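Every read-out reported here was derived from the displayed coordinates using simple, explicitly stated rules and does not represent laboratory data. Since this is a predicted model, take the numbers as computed values, not measurements. Every residue, glycine as well, gets a Cβ built from its backbone with ideal geometry; the counts of neighbours run over all protein chains shown.
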Amino acid sequence: METDPPRAVQQNRAVQQNRPLEIDTLVVGGGQAGLATSYFLSRAGVEHVVLERRAALGGAWQDRWDAFVLNTPNFSLDLPGMPYTGSEPEAFMARDDAVDYFRDYARRIGAPVRTGTDVTRISTSDGGFSVETSDGGWRARWRPAPTRYRRSHPWPPDFPGMSCSFTRTTIAIRSNCPTAPC
């Protein structure tokens, strides 16, 4: 009886043949929400990959000004499967500590993250989704879960079927220049 080759071998063949990689679920964005989504997908046994455009995890927190601190106390940083256990629950975590906290979370939960992968297009295709990235194409059975918008793109985000749920009265403020709207 012949068995299918391991998933990594199948993916390598797809890349060599210039075909999209196939996965059950793609999560777009490796920030706090994307990593929490990965935690629950892993617990449910759902094959998935988290695509993050930045070279390293840490989400948009990396883009904040140097003196930035969270505006919620540390005890509110309970992430799925990793409650806050630090020594200063009433304090407000500094930017670099928050970045490290989310990177540690990804390591602890074994999140399957691909950094340096910018999602450029998402479209429906054959009962699933085609996702174009800076690192090649993907096919996913389940709708990707965008977890952030990109400042370089117009608001609302240009994902099919989503833009109608955002109102034009939404204003985004960039935290690395807090006086200027995006």
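Annotations
- Taking 0.36 nm per residue of separation and subtracting the Cα-Cα distance, full extension of the segment from Trp65 to Arg141 would add 23.5 nm.
- Selected from Leu79, Phe40, Gly59, residue furthest toward positive end of dipole (the stretch 30-152; charges at beta carbon): Phe40
- Inter-probe distance in nm under a simple model that places probes 7 Å from Cα toward Cβ, at Thr115 and Glu132: 2.7 nm
- Taking each residue as 0.36 nm, the span from Asp100 to Thr124 lengthens on full extension beyond its C-alpha to C-alpha distance by 5.1 nm.
- Length released on extending from Ala56 to Ser42, taking residue separation times 0.36 nm less the Cα-Cα span: 2.9 nm
- Centre separation in Å (Cα based) which lies between the stretch 60-107 and the stretch 20-53: 21 Å
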